[in-house]
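In what follows, a single structure is set out as structure tokens and then discussed.
The values are calculated or read from the model by the stated rules, or taken from the named source; none is laboratory data. Computed from a predicted structure; not experimentally measured. We place every Cβ from the backbone using ideal geometry, glycine too, and count neighbours over all the protein chains shown.
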Amino acid sequence: MTIIQAIIIAIVEGLTEYLPISSTGHMILATSILGIEPDDFVKFFTINIQLGAILAVVVLYFKRFFKSFDFYLKLFISFFPAAILGILLSDKIDELLESPGTVAVMLLIGGVFLLFVDRFFNDKDKHLKTKVNNTNAFMIGLYQCIAMIPGVSRSAATIIGGLQQKLTRKTAAEYSFFLAVPTMFGATAKKILDFHDKKLNFFSHDRIFLLAIGNLVAFVVAMFAIKAFITFLNKYGFRLFGWYRIIVGGTILLLLGSDMSLSIV
């Protein structure tokens, strides 16, 4: 992996992590398009740079993370279902992560669903909530489990889960951001331990530099993406994201169906 490739993948991570379009799916596609061999270090890199995106949420919502114990209790309730399922299905999830076809199908299906989300959940309803209770937190956690399938999008699943629980768009989106912190940190920590058990050495000077650059770029890009997403979502809703997913997913399926390579190099 070159520095330019690392920067491109980090930009993709920062842009897509908090949008309802699947960051994991886009990074899988990005590595394929760039012609990067998905070896153990590349897999480690795509997981590790999520830490940069996590930090963006903590910095932007710094005060919320030091507000009360109840805040962390709700995050734990939401995080728990995915944590258990992730441990039980770890090997199967890893298999799916290497499948562009799975990503394409889920992008397409999710895109069709997003076209109608604004009709299903009207943000002008006066009875919508701006606070998350424990029941809401648990239900959102169940929705997050769906996002273990690459291409679904953790952000989309948890935001829709929040809307289904009668939260406003802004509240659902912000809670999705907060839930990303323990979820992504836990997933990253588990993968780091898995790679450590394999006794893989990813800490040469060149690789440390790539990891540092990747995390920095993901952090900066995610900061801008989060701010822009909240504004866009409140103003326009989900429809444009739905069409984007349909176009990307459909294009990938056409390429795969015609036996054309996704790689450009």
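Tabulated values for the structure
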| read-out | value |
| --- | --- |
| Filter result for the condition that a residue is of a type in the set (S, T, Y) and surrounded by fewer than 23 Cβ atoms within 10 Å (Cβ to Cβ), over T102, T158 | T102 |
| Where T24 falls short, out of the listed (1) modelled with pLDDT under 85; (2) surrounded by fewer than 18 Cβ atoms within 10 Å (Cβ to Cβ); (3) of a type in the set (S, T, Y) | (2) |
| Hits in the stretch 62-86 - residues which are more than 18 Å from the chain's Cα centre (by Cα) and either surrounded by 17 or more Cβ atoms within 10 Å (Cβ to Cβ) or within 30 Å of I208 (Cα to Cα) (or both) | F62, F65, K74, I77 |
| Failed item in (1) in contact with a helix residue (DSSP H, G or I) (Cβ under 7 Å, 6 or more places away or on another chain); (2) surrounded by 14 or more Cβ atoms within 10 Å (Cβ to Cβ), with K43 passing the rest | (1) |
| Search result, residues across the stretch 118-132 that are touching a residue at least 12 places away in the same chain (Cβ under 8 Å) and surrounded by fewer than 20 Cβ atoms within 10 Å (Cβ to Cβ) | D118, F120, D123, D125, H127, L128, K129, T130, K131 |
| Enumeration of residues in the stretch 128-165 that are assigned to a helix (DSSP H, G or I), polar (S, T, N, Q) and in contact with a Pro (Cβ under 8 Å, 6 or more places away or on another chain) | Q144, S155 |
